[in-house]
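Worksheet: one structure, shown below.
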Amino acid sequence: MLFWQENFISEEAFLERLFIFTFVPQHFKNIAKEKITEVRGKFLRYYSLFRFIGVRKIMKERFSFIFMVAGIGFFITGFVFQMLGPIIFLKDIPMKTVEELAKEDADSEFYQLAEDYPIEFKKYFVEPTPISYAEALRLGRDIYIAEACWHCHSQYIRPVANEPIRYGEVSTASEYQNELQLPQLFGTRRVGPDLIREAGVHSNDWHIAHFFEPASVQPGSVMPSYRWFFDENGRPNKKGLAIAAYVQWLGSWKKGV
């Protein structure tokens with residue numbers, strides 16, 4: 001007796017089950033192999049892409065690190081040569097103190113300020129002495145730096161372009177061996193004239209008026225007004241007297257030479 005007859009199933013049902021048990025597993029195996037091949041291909045493609053991106057990222061990070069180290073190295077080198085270098089190189093060169101400079105300039109316009117503005121002078125500097133003169137020079141130099149006067153005025157006469165004819169004798173290294181030239185104030189450009197020979201060129205009144213309203217004494221001047229150098233009555237305060245004294249000191253060592 002046939003199998004399907006013993007198990008009460010028809011011949012068609014038997015053949016269908018036989019087909020399922022014989023061919024379907026192989027079909028699924030084929031599908032699985034195709035899927036595995038497809039997934040493997042995708043994996044390899046994505047892996048290659050991720051690996052390429054990873055290598056680029058690593059290279060990018062490596063170059064960033066190199067540039068960072070190079071930047072820090074250049075900063076340290078610049079700091080050493082521009083900050084520590086001058087200190088090391090100049091440590092054995094004699095530098096005049098402000099007090100020494102004040103004593104040398106005995107006929108300074110600073111003493112004339114005491115006569116020109118007696119009330120203000122007595123209020124801020126008491127008496128015209130080398131000590132008060134040194135105080136005024138230090139304050140005037142600090143104001144000169146703070147107000148960026150060095151940005152428009154130079155303090156160095158070069159031996160070119162007829163500068164000696166316009167401004168005076170060519171500058172020498174010895175002129176800058178003092179505390180008031182630390183840091184040096186050579187300047188960056190000349191919107192206004194060089195000031196290293198300014199001593200005695202103009203009167204104290206001219207400088208005071210120039211700081212109050214530049215165009216009043218120098219028509220067409222682009223210099224701003226420094227009204228904070230004056231009190232509510234338009235009289236020079238301590239800053240006004242100090243900056244005038246400092247500018248009048250510039251080149252005082254060359255007067256009468």
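Nothing in this text is a laboratory measurement; each read-out follows from the coordinates by a stated rule. From a predicted model like this one, the values you see are computed outputs, not experimental measurements. Neighbour counts are summed over all protein chains in view; Cβ atoms, including those assigned to glycine, are modelled from backbone coordinates with ideal geometry.
At a glance:
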read-out: For N178, residues with placed amide H under 5 Å, excluding near neighbours; value: K96
read-out: Pair Q218, D107: separation of 7 Å Cα→Cβ label points (nm); value: 2.6 nm
read-out: Using θ = phi - 60° and Karplus 6.51 cos²θ - 1.76 cosθ + 1.60, couplings along region 106-118 (whole Hz; Gly, Pro as x); value: 5, 9, 5, 5, 4, 5, 6, 4, 5, 8, 6, 9, x
read-out: Spin-label pair N237/V170, simplified geometry with 7 Å Cα→Cβ offset, distance in nm; value: 4.4 nm
read-out: Rounded, prolate or oblate (a/c below 1.5 giving rounded, otherwise prolate when a/b exceeds b/c) for region 81-232 by Cα gyration tensor; value: oblate
read-out: Spin-label model distance (nm) - A148 vs Q177, 7 Å beyond Cα toward Cβ; value: 3.4 nm
read-out: Highest-first arrangement of 123-132, 169-178, where packing means the average Cβ count within 10 Å; value: 123-132, 169-178
read-out: Calculated FRET efficiency for the pair K255/E99, C-beta based, R₀ 25 Å, to 0.05; value: 0.80
